[in-house]
Amino acid sequence: MEHRTKRNLTLINLVSDFETMIERNSLGYMDEKDFFQLISYYEKQYLIDKALEVVDFAIEQYAYRSEFLINKARLLILLDHHNDALDVLDAAEKIAPFENEISLYRARALSGIGNIENAFNILNNMKQVVSRIDLADILVTESFIYELQKDYRKMFDVLEEALRLDPLHPECLDRI
């Protein structure tokens with residue numbers, strides 16, 4: 001319990017320090033881990049615009065870290081800014097061309113702008129070369145596309161298949 005309280009206090013202090021630095025327009029160097037914690041915190045608080053602000057600062061400091069670009073694309077997709085997400089994914093792909101997450105978010109963004117066929121093509125191509133655990137991620141992404149198409153039966157079928165591959169897949173469990 002004491003460890004959890006310390007961690008919560010540390011996070012509260014981190015958020016407070018970050019917001020103070022922003023107010024003063026004096027954001028100094030921050031550790032990558034701190035940026036990830038701030039992004040997660042704001043996202044859990046449903047402050048997606050604030051999470052985007054944090055990720056933009058992180059990208060300024062860590063321009064060659066694809067993880068921050070991927071996070072930005074993910075947040076943009078949450079806000080239904082699919083074309084912007086595709087631009088960010090293009091930049092991330094230049095840094096990490098073989099990162100599966102880029103392809104998964106690209107499929108989500110494409111489906112968000114109605115380009116369902118290309119989204120499914122990306123996922124089908126990925127299915128040919130990924131591991132069992134990564135296949136569960138692909139199926140979860142597929143479920144988003146089926147949901148957009150209002151094909152809920154197919155959505156639940158692929159989620160069920162994903163759970164068979166990875167019974168503890170957090171996003172899949174959340175979607176079920």
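Over the range 116-167, give the accessible area per residue in Å² for a 1.4 Å probe, as an integer. Numbers along the way, then the final one.
Numbers: 3010 Å² over 52 residues.
Using a 1.4 Å probe on heavy atoms only, each residue of the range 116-167 averages 58 Å².
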Relative contact order for the range 96-176: what is it in percent, counting Cα pairs under 8 Å that are at least 6 residues apart?
24
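Ignoring ligands, DNA and RNA, what percent of the accessible area of the chain is carbon or sulfur (1.4 Å)?
Values: 5290 of 10590 Å².
Carbon and sulfur together cover 50 percent of it.
About the Cα centre of the chain, how large is the charge dipole given +1 on each Lys and Arg Cβ and -1 on each Asp and Glu Cβ? Please answer in debye to the nearest 20.
It comes to approximately 340 debye.
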Relative contact order of the chain: what whole-number percent is it, with Cα pairs under 8 angstrom and at least 6 residues apart?
11
Where in the chain are the DSSP H helices whose alpha-carbon span along the long axis reaches 15 Å or more and whose Kyte-Doolittle mean is at least 0.5?
66-78, 132-148
Of (i) 18.3, 59; (ii) 17.4, 60; (iii) 17.7, 51, the label for Rg and Dmax of the Cα atoms in Å derived from the coordinates:
(iii)
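The values are calculated or read from the model by the stated rules, or taken from the named source; none is laboratory data. It should be emphasised that the depicted structure is a prediction, and the values quoted were computed from it without experimental measurement. Here the Cβ is made from the backbone with ideal geometry for all residues, glycine too, and neighbour counts use every protein chain on show. These area figures cover heavy atoms from the full protein model, side chains too; ligands, DNA and RNA do not enter into them. Shrake-Rupley method; radii C 1.70, N 1.55, O 1.52, S 1.80 Å.
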